[in-house]
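The values are calculated or read from the model by the stated rules, or taken from the named source; none is laboratory data. In this text the structure is predicted, and so the values were computed from the model without any measurement. With ideal geometry, Cβ positions are generated from the backbone for all residues, glycine too; neighbour counts draw on all protein chains shown.
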Amino acid sequence: MTVPERWKDGLESDTPPAPYATDGTDFRGAVRYHYRAALKKFLKFFPVFLLLWVQLFVFHIAYLLPVAIVGMLGVVWTLFLLAGRLSQTRKCSKVFQTYPLEFRTPVEKIGMESTHTLYLRLGDQVGTPFTLCAKDALGRGRWPVGITDGVWFAGDEPFGGAIIVPGSGELLFLQPRDWAATNEDRANAGPERTEKAGRAGIKRPARR
């Protein structure tokens with residue numbers, strides 16, 4: 001579902017300043033932080049849901065069944081969220097290890113969806129600009145504060161890439177909004193760029 005146009009620019013994250021350099025010099029610090037943050041979010045809820053689930057098997061009391069069902073669903077959901085956050089962070093890490101970071105400004109907000117997907121365009125694009133879909137590594141669905149002032153980008157627009165937002169340090173994984181519409185751009189990219197995109201994990205569309 002697309003978020004109403006009047007909300008497009010107003011929904012911004014309240015992420016505090018990052019505890020690592022966000023000037024394009026320390027992508028490893030950003031990746032480590034996001035791995036730790038994903039695990040902290042997981043450990044905040046997983047033990048509670050696990051306890052609700054297993055108590056049925058410990059006490060063998062029938063009226064605990066509804067609570068156990070809630071616990072079981074919570075365990076599955078928290079594992080699902082953890083897997084998604086770790087996967088998104090890993091995707092960003094592969095891109096950063098393959099491509100150099102370059103500062104791109106301005107960033108144009110195109111829109112957002114309730115599926116935690118942002119749509120944007122990076123500045124300094126030659127020719128027809130690519131509209132990219134962006135997914136926050138930790139699953140946040142709001143615009144990072146100050147993103148329009150510029151970001152540190154690594155990647156190749158026809159294939160995608162990843163960005164670090166200065167200040168908040170948020171990581172976002174990018175791929176073209178319409179993958180099929182950019183087939184010709186990728187076909188004309190040449191073998192070297194295509195091989196590099198393969199090493200970065202952006203040669204094919206990622207599962208959303």
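Structure data summary
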| read-out | value |
| --- | --- |
| Pairs with Cβ under 9 Å, 6+ apart, first in segment 4-19 and assigned to a loop (DSSP other than H, G, I, E, B) and at pLDDT below 55, second surrounded by 11 or more Cβ atoms within 10 Å (Cβ to Cβ) and among the hydroxyl-bearing types (Ser, Thr, Tyr) | Asp9/Thr148 |
| Subset of segment 26-79 [of a type in the set (Ser, Thr, Tyr) and under 20 Å from the mean Cα position of the chain (by Cα)] | Tyr33, Tyr35, Thr78 |
| Residue match in segment 54-76 (condition: assigned to a helix (DSSP H, G or I), at pLDDT 95 or above and closer than 30 Å to Pro16 by Cβ) | yes |
| Residues located in segment 119-161, provided they are in a strand (DSSP E or B) and either in the same structural domain as Ala83 (by TED's automatic domain parsing) or β-branched (Val, Ile, Thr) (or both) | Val151 |
| Residue list for segment 183-203, filter: surrounded by 13 or more Cβ atoms within 10 Å (Cβ to Cβ) and assigned to a loop (DSSP other than H, G, I, E, B) | Ala189, Gly201, Ile202, Lys203 |
| Residue ID - nearest to Phe42 (Cα to Cα), chosen from residues in segment 85-141 that are surrounded by fewer than 17 Cβ atoms within 10 Å (Cβ to Cβ) and of a type in the set (A, V, I, L, M, F, W, C) | Leu86 |
| Top-ranked residue in segment 15-61 [being over 15 Å from Leu79 (Cβ atoms) and aromatic (Phe, Trp, Tyr); ranked as surrounded by the most Cβ atoms within 10 Å (Cβ to Cβ)] | Phe27 |
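Yes or no, residue by residue, for (1) in the same structural domain as Glu195 (by TED's automatic domain parsing); (2) closer than 26 Å to Lys196 by Cα; (3) modelled with pLDDT of 95 or more:
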position: Leu81; (1), (2), (3): no, no, yes
position: Thr89; (1), (2), (3): no, yes, yes
position: Pro106; (1), (2), (3): yes, yes, no
position: Lys109; (1), (2), (3): yes, no, no
position: Met112; (1), (2), (3): yes, no, no
position: Thr117; (1), (2), (3): yes, yes, no
